[in-house]
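K.L.:
Sharing a structure with you now.
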Amino acid sequence: METKTILVDEHVNNDESYAQAVDNIRGGGVVAFPTETVYGLGADAMNAEAVDKIFEAKGRPTDNPLIVHVDSKETALEYVEEVPEKALQCMDAFWPGALTLIMQAKPDIFASNVTAGLPTVGIRVPNHPVALNLLKQLKRPVAAPSANTSGKPSPTLAEHVYFDMNGKIPLILDGGPTQVGIESTVLDMTCAPPVILRPGQVTKEQLEEVIGTVRLSSETKGNTPKAPGMKYAHYAPQAPLYLIEHNSELIEKAIDHIHGKKKKIAVLSREDFVAADYCFPLAVDKLYDSLRKCDQTDADLILACVLPENEDAALMNRLEKAADHKWFS
């Protein structure tokens, strides 16, 4: 299969490009497209065979639910039921935007491999002109996890998608770099108080300003994943990644230690460490790009320099998963 990449400019007439994407999805195919968070790999959320192609392209286990993307609050409400008032308040405050709400799905609408057989669905309205235009023209809900090989860093550029998906999918809509750079916050609205299952750009503090008390998933018990990213390793680069406290003396000693073993090291940090073989920026919107750049080097080990008590919750969540919670010592 030849994978075509089409540059889509929001200021230019792209009707033909969107028509190709719409035809692919309506025909049971998959298309990669940009959102404000990361690039998504989309298929008709009501077509189980189409959704299977997402899992096949990503090499992703099928027991992990997918997030559904729609073009508006009004459209979302066509697919869910028993919607709490707090969910409506979140829609008004944060949509379009990087917030996914877990709610009760109306029966017999979504393919069972979208919801992983659960009675709930994660749904959001993306805040990106390309994604919204595609959804409005398609007039169907689109299941769309990140458009990367399962377990690897999510794509924030069309070329990231092409690297992972070339020959596996027919079409990539290139809308330029994503703005947020990490996946959406996932908020479970089926319990009281609501629970953040995955941190993202929309923070606990921002949510609580709108709906009051919100819990974190670490404060709750339960084994059934209702959202992506809760069950399997994610975001991992090829070389082993370790977290290390952002202490210059400690990091310099670590670099010397690794060099003493005749190994090369890449460092993710907010400052340059000239002794490292490679150094890339550590920031929420640059994280996945930096991890992918590490993969383009011959580094034997990667250190991510963090101050846990001060770090953004979403950034720490992704780093801990990418490092499998390993700290350099």
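The values are calculated or read from the model by the stated rules, or taken from the named source; none is laboratory data. None of the values given here were measured: they were computed from a predicted structure. Here the Cβ positions follow ideal geometry from the backbone for every residue, glycine too, while neighbour counts run over all protein chains shown. Each accessible area value is taken on the protein alone, full model and side chains, heavy atoms only, with ligands, DNA and RNA left out. Shrake-Rupley method; radii C 1.70, N 1.55, O 1.52, S 1.80 Å.
K.L.:
Name the single residue that is most open to solvent (accessible area, probe 1.4 Å) among those in the range 260-278 being in contact with a strand residue (DSSP E or B) (Cβ under 7 Å, 6 or more places away or on another chain) and over 17 Å from N247 (Cβ atoms).
P.N.:
The selected residue is K263.
K.L.:
Looking only at the range 121-137, decide whether some residue is touching a strand residue (DSSP E or B) at 6+ places or on another chain (Cβ under 7 Å), free of Cβ contacts under 8 Å to residues at least 40 places away in the same chain and either among the aliphatic types (A, V, I, L, M) or open to solvent by 10 Å² or more (accessible area, probe 1.4 Å) (or both).
P.N.:
At the first step, the residues of the range 121-137 found to be touching a strand residue (DSSP E or B) at 6+ places or on another chain (Cβ under 7 Å) are 121-124, 126, 128, 130-131, 134-135.
Within this subset, residues satisfying the condition of being free of Cβ contacts under 8 Å to residues at least 40 places away in the same chain are none.
Scanning the range 121-137 turns up no residue that is touching a strand residue (DSSP E or B) at 6+ places or on another chain (Cβ under 7 Å), free of Cβ contacts under 8 Å to residues at least 40 places away in the same chain and either among the aliphatic types (A, V, I, L, M) or open to solvent by 10 Å² or more (accessible area, probe 1.4 Å) (or both).
K.L.:
Which pairs have Cβ atoms under 7 Å, sit 6 or more apart or on different chains, and link a residue in the range 10-34 that is touching a residue at least 24 places away in the same chain (Cβ under 8 Å) and among the hydroxyl-bearing types (S, T, Y) to one that is open to solvent by less than 40 Å² (accessible area, probe 1.4 Å) and in a loop (DSSP other than H, G, I, E, B)?
P.N.:
Pairs that qualify, where the first residue is touching a residue at least 24 places away in the same chain (Cβ under 8 Å) and among the hydroxyl-bearing types (S, T, Y) and the partner is open to solvent by less than 40 Å² (accessible area, probe 1.4 Å) and in a loop (DSSP other than H, G, I, E, B), are S17/V8.
K.L.:
Residues A144, A158, A116: which one is at pLDDT 95 or above and in contact with an Asp or Glu (Cβ under 9 Å, 6 or more places away or on another chain)?
P.N.:
Values: A144 fails: in contact with an Asp or Glu (Cβ under 9 Å, 6 or more places away or on another chain); A116 fails: at pLDDT 95 or above.
One residue alone meets the criteria, A158.
K.L.:
For residues that are open to solvent by 20 Å² or more (accessible area, probe 1.4 Å) and in a helix (DSSP H, G or I), tally how many sit in the range 279-291. Working first, answer last.
P.N.:
To start, the set of residues in the range 279-291 that are open to solvent by 20 Å² or more (accessible area, probe 1.4 Å) comprises 279-281, 283-286, 289.
Still in the list and also in a helix (DSSP H, G or I): 284-286, 289.
Residues that pass the stated criteria total 4.
K.L.:
State which residue is nearest to D164 (Cα to Cα) when the search covers only the range 45-67 and only residues that are touching a Gly at 6+ places or on another chain (Cβ under 7 Å) and open to solvent by less than 10 Å² (accessible area, probe 1.4 Å).
P.N.:
By that ranking, first place goes to A50.
K.L.:
Can you tell which of A131, A192, A116 is within 30 Å of L7 (Cα to Cα) and either of a type outside the set (S, T, N, Q) or under 18 Å from the mean Cα position of the chain (by Cα) (or both)?
P.N.:
Values: A192 fails: within 30 Å of L7 (Cα to Cα); A116 fails: within 30 Å of L7 (Cα to Cα).
Testing whether each residue is within 30 Å of L7 (Cα to Cα) and either of a type outside the set (S, T, N, Q) or under 18 Å from the mean Cα position of the chain (by Cα) (or both) leaves just A131.
K.L.:
Scan the range 233-257 residue by residue and report those that are open to solvent by less than 10 Å² (accessible area, probe 1.4 Å) and assigned to a helix (DSSP H, G or I).
P.N.:
Passing the criteria: I251, A254, I255.
K.L.:
Do we find a residue being open to solvent by less than 70 Å² (accessible area, probe 1.4 Å), more than 28 Å from L197 (Cβ to Cβ), assigned to a loop (DSSP other than H, G, I, E, B) and not β-branched (V, I, T) anywhere in the range 304-325?
P.N.:
Taking every residue of the range 304-325 in turn, none turns out to be open to solvent by less than 70 Å² (accessible area, probe 1.4 Å), more than 28 Å from L197 (Cβ to Cβ), assigned to a loop (DSSP other than H, G, I, E, B) and not β-branched (V, I, T).
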